[in-house]
Amino acid sequence: MPNFPDSHQEEITERIEERAETVEERLEEISRGRTNPSLEDLTIHSAKKYRLGIVFVDINDFSNYMSRNDDEDTLFMLNVFIPEIMELVRDFDGKLEKNTGDGILAYFGAGEDDGDAVKTLLEYIATVKWTLKYHVNPKLEDNDVETISISTGSAYDTVYISRIGAHSGNQRMNRLTAVSTGANIASELEAMAGTDQHYVNDGVYEYSDDENGWGQYVEHVGKHNGYTWGSPLKGNDTAQYYKFTGIWQE
């Protein structure tokens, strides 16, 4: 195995030490964000704190869907469904965190109070369900392509948005990244959800409101005791979760 030059090792060590000092300084006081951040809003290694609604949308049983359909049909389905739910994120003033190929992760409610942020999140999910039922799947049927079902997992929680990466001149090597326990919980809830199921956490339940028409559709999953969340390092906790059944009426 070739030797790793000492000069390169020293350069890496110095870079990490300098970066760690910069990060520590910039994260000492994290301000509360009021609008959806853009890359230019934050310097590298800095962060802002938000209260946001987080949602994972995922196509059910996607691997088997691919095995049952030829590549052209799968690509047709993805190019009809995924861009539309990404457009809907923008329609609801959300922030797309990532496209997972067969789904997305998005955030909603920057600068809104808790009730309004949760309302926006639930309206987004209801709209995705409506769009799939009344427009996407009928379009797939019209083109003799197998229809799809989805599940979602959502949470309302504190989210830290940070600009992470390296200074790069003309080549962009940094991006906004969201760090949140809520994002992990949303992912866990989506993995637990079955076909056409939509699970939300305590935070969504707490701020859902019957007056805005959605609270009545957030129901406790009574036959379960909850799900365990945590780690050996920080300890485990059991949290309750709820199902969201709302959809716009056609």
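Structural remarks
- Solvent-accessible surface of the stretch 50-151, taken per residue with a 1.4 Å probe and all protein chains present: 44 Å².
- Members of K49/K98; K48/K133; K95/K139; K48/K139 lying beyond 30 Å, as alpha-carbon distances in this model show: K48/K133; K48/K139
- Relative to the current alpha-carbon distance between T177 and D61, full extension at 0.36 nm per residue lengthens the span by 39.0 nm.
- Computed lengthening from D202 to N69, 0.36 nm per intervening residue step minus Cα-Cα distance: 44.1 nm
- Within the assembled protein chains, the solvent-accessible surface assigned to Y241 is about 10 Å², based on a 1.4 Å probe.
The values are calculated or read from the model by the stated rules, or taken from the named source; none is laboratory data. On a predicted model such as this, the values are computed, not experimentally measured, just so you know. When the accessible area is computed, the model is the full protein with side chains, heavy atoms only, and any ligands, DNA or RNA have been set aside. Shrake-Rupley method; radii C 1.70, N 1.55, O 1.52, S 1.80 Å.
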